[in-house]
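A short worksheet on the structure shown next.
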Protein chains: 2
Amino acid sequence: MKKKYAIAIDLGGTNLRCALVSREGTIIRKIKEPTSNDLLNSVLRLTGNLFSDEVLGVGLGVAGLIDRKRSRVLISPNLPGIEHIDFITGIHERFNVPVHIENDANAAAFGELIAGAGKGLSNFVLFTLGTVIGGGFICNGKLLGVSAEIGHMSIDADGEKCLCGNNGCLESYASARAILSKAVSFLEKGGESLLKGYCGGNFYKLTSEDVYRAALDGDMPAREILKTAGRYLGVGMANIINIMSPEAVVLTGGLAEAWDIYVQEAIKETSRRAFRDLYDRVKIIPSTLTGDAGLIGSAGLVFNE
Amino acid sequence: MKKKYAIAIDLGGTNLRCALVSREGTIIRKIKEPTSNDLLNSVLRLTGNLFSDEVLGVGLGVAGLIDRKRSRVLISPNLPGIEHIDFITGIHERFNVPVHIENDANAAAFGELIAGAGKGLSNFVLFTLGTVIGGGFICNGKLLGVSAEIGHMSIDADGEKCLCGNNGCLESYASARAILSKAVSFLEKGGESLLKGYCGGNFYKLTSEDVYRAALDGDMPAREILKTAGRYLGVGMANIINIMSPEAVVLTGGLAEAWDIYVQEAIKETSRRAFRDLYDRVKIIPSTLTGDAGLIGSAGLVFNE
């Protein structure tokens with residue numbers, strides 16, 4: 001009898017999330033807890049909470065670079081030390097099922113293919129637009145097992161230094177962190193904006209959602225900041241379209257919510273820059289699974305084996 | 001009995017090249033003629049010259065964007081009007097064998113996999129470094145059927161306008177055309193360089209090979225032009241390494257010959273910019289098939305069906 005479920009684990013950021021997922025990509029149960037210092041034990045405990053003999057295997061999505069040959073995490077900026085943890089052996093020894101490990105944005109792309117905006121498509125690119133920018137590629141109906149670190153593509157060779165060491169990374173211009181940092185510097189310099197009222201004068205409490213809200217309320221500085229970030233996103237999208245000739249670009253993450261200003265501006269810039277024949281064939285659409293795409297995709301890797 | 005040969009056709013530039021190629025990727029016979037205005041008939045005639053009942057099929061490599069769903073050329077900057085030619089039907093009607101069509105740089109990547117520098121590798125990227133810059137991706141031992149137009153990745157969002165309409169394309173900074181154009185403007189402005197002596201005072205006779213020769217002879221302006229172009233190539237290579245996490249980057253085309261200055265500088269810049277864990281795992285190597293890679297790859301597509 002075919003086992004019905006997979007357990008998916010999302011090691012994406014501040015929370016550790018774990019879900020029981022069906023073959024069809026439906027989340028049956030979901031639990032989460034704050035990320036601890038003892039990651040492997042947290043993963044084993046949460047897995048144990050959802051495990052049964054109907055579980056075929058475990059899929060992990062990790063915010064970081066994956067060594068696919070050795071099924072290890074090479075580095076994760078948010079989870080220092082994770083490169084020393086052997087999740088595959090640890091989970092396999094305890095539960096005796098296959099374990100898969102993938103980058104979280106790649107897993108999200110696969111999730112969108114199974115049960116989201118990419119259903120029925122063969123070739124698309126996912127952009128995850130949040131504090132950082134990541135990506136994942138679906139080619140010929142399969143997840144492409146590559147790094148897909150599109151946020152760390154330089155779009156300005158002599159531009160701002162990025163935390164990764166490169167200059168002019170897309171992430172430094174088009175991420176939520178970049179938008180917020182531009183808004184805060186504007187206010188620090190004494191600029192006038194509705195944003196001042198949103199944070200009771202404490203600029204450091206602001207979020208990128210506040211910037212979008214102010215922009216929708218007609219605040220010109222907030223609009224300009226979002227539009228500039230959107231234009232840079234368009235540079236990055238055009239690059240990826242010229243390289244990957246996708247049928248669709250699927251946008252997810254908090255910033256994808258800022259569709260009317262940030263994304264619209266990005267689409268306009270993309271249309272100006274990408275090869276006409278490729279732009280005419282691509283659709284730029286929002287994800288439908290949003291925050292659950294990574295869990296569904298990580299589970300999908302188990303069934304896809 | 002398995003048919004032994006494929007016919008490969010290279011519609012890359014000024015010449016139309018045609019070859020009879022074995023399953024192992026050995027070129028048995030090769031013919032060429034200048035590209036005519038009647039492309040389809042030239043292709044049919046050359047194919048007829050090499051055709052026999054031992055030929056399994058025909059593979060075309062075209063410098064341009066390919067519509068893989070409809071097996072058509074969408075656009076080729078060097079071969080205007082090619083988008084109206086239905087090679088597949090034309091060749092199939094005459095010879096009754098399967099016909100494959102691919103971008104020439106993609107075909108070259110596949111050729112390097114079959115019989116060149118990529119033999120034994122599963123994941124690599126080919127950069128074609130000539131008058132223009134192109135690319136091809138091998139993933140999991142297969143040619144990735146995407147546009148791979150890495151020369152038209154913007155590495156300077158507000159940079160020079162490219163012929164393609166985008167700004168700051170890699171090709172505008174790192175191609176042979178870019179190098180030559182920088183050298184000519186330097187001379188036009190009255191700059192002193194060994195290059196003056198190479199062309200009898202007619203700057204427009206110079207080639208990018210002359211620039212490399214002058215640089216090797218110790219000419220400082222030529223060295224600086226090549227090094228600057230190499231640095232930009234490094235920006236592009238780091239981008240592609242961060243996106244595709246290849247095992248190798250294979251460099252081909254005339255400029256790959258300028259290894260000691262242009263490529264060395266590119267490697268230095270790549271090492272500064274790419275994710276450390278990815279850079280440490282990648283080897284940057286010259287192609288071994290050079291000009292024949294596209295023919296061998298186009299033939300390979302026939303056997304690979």
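Read the figures in this text as sums done on the coordinates, not as results from a lab. All values reported here derive from a predicted model rather than from experimental measurement. As a convention, Cβ positions derive from the backbone with ideal geometry for all residues, glycine included, and neighbour counts pool all protein chains shown.
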Under the 7 Å Cα-to-Cβ spin-label approximation, B:D260 and B:S122 lie apart by a distance in nanometres of 3.8 nm
Contour minus Cα-Cα span, A:D38 to A:E160, at 0.36 nm per residue, comes to 40.4 nm
Links exceeding 20 Å between C-alpha atoms in this model, out of A:K182/A:K227; A:K119/A:K283; B:K182/B:K205; A:K3/A:K119; A:K69/B:K283, come to A:K3/A:K119
In whole percents, the bins of 10 Å from zero upward hold the Cα-Cα pairs of the range B:241-303 as 20, 41, 30, 9, 0
As a percent rounded to 5, the proportion of antiparallel DSSP bridges among beta bridges in chain B is 55 percent
Once both label points are put 7 Å beyond Cα along the C-beta direction, the A:D280-A:E247 separation in nm becomes 1.9 nm
With no solvent term and unit scatterers on the alpha-carbon positions of the range A:121-287, Debye gives log₁₀ I(q)/I(0) at q = 0.08, 0.15 Å⁻¹ of -0.24, -0.79
With Cα springs under 10 Å, the Gaussian network model of chain B assigns the largest mean-square fluctuation among B:K30, B:K189, B:K142 to B:K189
One finds the C-alpha centres of the range B:271-287 and the range B:16-39 to be spaced, in Å, by 34 Å
Summing -39500 (n - 2.57) over every DSSP H run of at least 4 in chain A, dividing by its residue total and rounding to the nearest 500, the 222 nm mean residue ellipticity is -11000 deg cm²/dmol
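Let me check I've understood the local charge: for A:N78, count other residues with C-beta under 15 angstrom from its C-beta, Lys and Arg +1, Asp and Glu -1. What total comes out? All intermediate terms of the calculation are to be shown ahead of the outcome.
Details: positive: A:R17, A:R177; negative: A:D10, A:E83, A:D104, A:E149, A:E171.
Every neighbour counted, the sum reads -3.
Nearest 5 percent is fine: what portion of the DSSP beta bridges confined to the range A:121-287 is antiparallel? Don't skip to the answer; put the middle values down first.
Numbers: 10 of 19 bridges.
For the range A:121-287, the DSSP antiparallel bridge percentage is about 55.
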Whole-Å distance linking the alpha carbon centroid of the range B:156-197 with that of the range B:91-112 is 34 Å
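So if I take the alpha carbon set of the protein assembly as shown, get Rg, then get Rh from the Kirkwood formula, what is the Rg over Rh ratio?
Values: Rg = 25.7 Å, Rh = 25.7 Å.
Computed over Cα atoms, the ratio is 1.00.
Counting Lys +1, Arg +1, Asp -1, Glu -1, what net charge surrounds A:L194 among other residues with beta carbon under 15 Å of its beta carbon? Write down the numbers at each step before the final one.
Values: positive: A:K196, A:K205, A:R213, A:R223; negative: A:E192, A:E209, A:D210, A:D217, A:D219, A:E224.
Local charge sum for A:L194: -2.
Can you say what percent of the DSSP beta bridges in the protein assembly as shown, counting only those with both residues inside, are antiparallel? Round to 5.
Details: 55 of 95 bridges.
Of all bridge pairs located within the protein assembly as shown, approximately 60 percent are antiparallel.
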Under the Karplus relation with 6.51, -1.76 and 1.60 and θ = phi - 60°, whole-Hz ³J(HN,Hα) for the range B:46-57, x at Gly and Pro, equal 5, 4, x, 5, 10, 6, 7, 6, 8, 8, 6, x
Sorting from shortest, the nanometre distances separating the label point of A:N96 (7 Å past Cα along the line to Cβ) from those of the same residue in the other copies are 6.0
Under the 7 Å Cα-to-Cβ spin-label approximation, A:R70 and A:N15 lie apart by a distance in nanometres of 3.3 nm
Sequence order, the range B:80-89: Karplus ³J(HN,Hα) from phi using 6.51 cos²θ - 1.76 cosθ + 1.60, θ = phi - 60°, Hz rounded, Gly and Pro as x, gives x, x, 4, 5, 8, 9, 9, 4, 4, 5
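Per residue of B:154-162, how many C-beta atoms from partner chains lie within 10 Å of its own C-beta, taken as a mean? Intermediate values should be presented prior to the final figure.
Details: counts 11, 10, 8, 17, 5, 4, 0, 0, 1.
That average works out to 6.
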Here the range A:217-224 yields Karplus 3J(HN,Hα) values (6.51, -1.76, 1.60; θ = phi - 60°; whole Hz; Gly and Pro given as x) of 7, x, 6, 5, x, 5, 4, 4
Averaged over the residues of B:207-219, the number of partner chain Cβ atoms within 10 Å of each residue's own Cβ comes to 0
Any residue on another chain or 5+ positions along whose placed amide H is under 5 Å from the amide H of A:I284 is listed here as A:V249
For B:K189, counting only aspartates and glutamates whose alpha-carbon sits under 18 Å away and dropping same-chain residues fewer than eight positions off, the answer is B:D219, B:E224
For B:E93, placing the label point 7 angstrom along Cα-to-beta-carbon and taking the range B:1-43, residues whose amide nitrogen sits under 12 Å are B:41
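Which value, in Å to one decimal place, does the Kirkwood hydrodynamic radius take for chain A when every pair of different Cα atoms is included?
Here the Kirkwood hydrodynamic radius works out to 20.0 Å.
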For A:268-274, B:135-141, A:6-12, ranked highest to lowest by mean beta-carbon neighbours within 10 Å, the order is A:6-12, B:135-141, A:268-274
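Quick check: net charge around A:L20, other residues with Cβ under 11 Å of its Cβ, Lys/Arg +1 and Asp/Glu -1? Working shown, then result.
Values: positive: A:K4, A:R29, A:K30; negative: A:E54.
For residues surrounding A:L20, the net value is +2.
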Among B:G191, B:N242, B:A215, the residue whose Cα sits farthest towards the positive end of the charge dipole of the range B:120-287, when +1 is placed on the Cβ of each Lys and Arg and -1 on the Cβ of each Asp and Glu, is B:N242
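Provide a whole-number value for the mean count of partner chain Cβ atoms within 10 Å of the Cβ atoms in peptide A:143-152.
Details: counts 0, 7, 5, 11, 9, 4, 9, 3, 1, 9.
Across A:143-152, the average partner-chain Cβ count within 10 Å equals 6.
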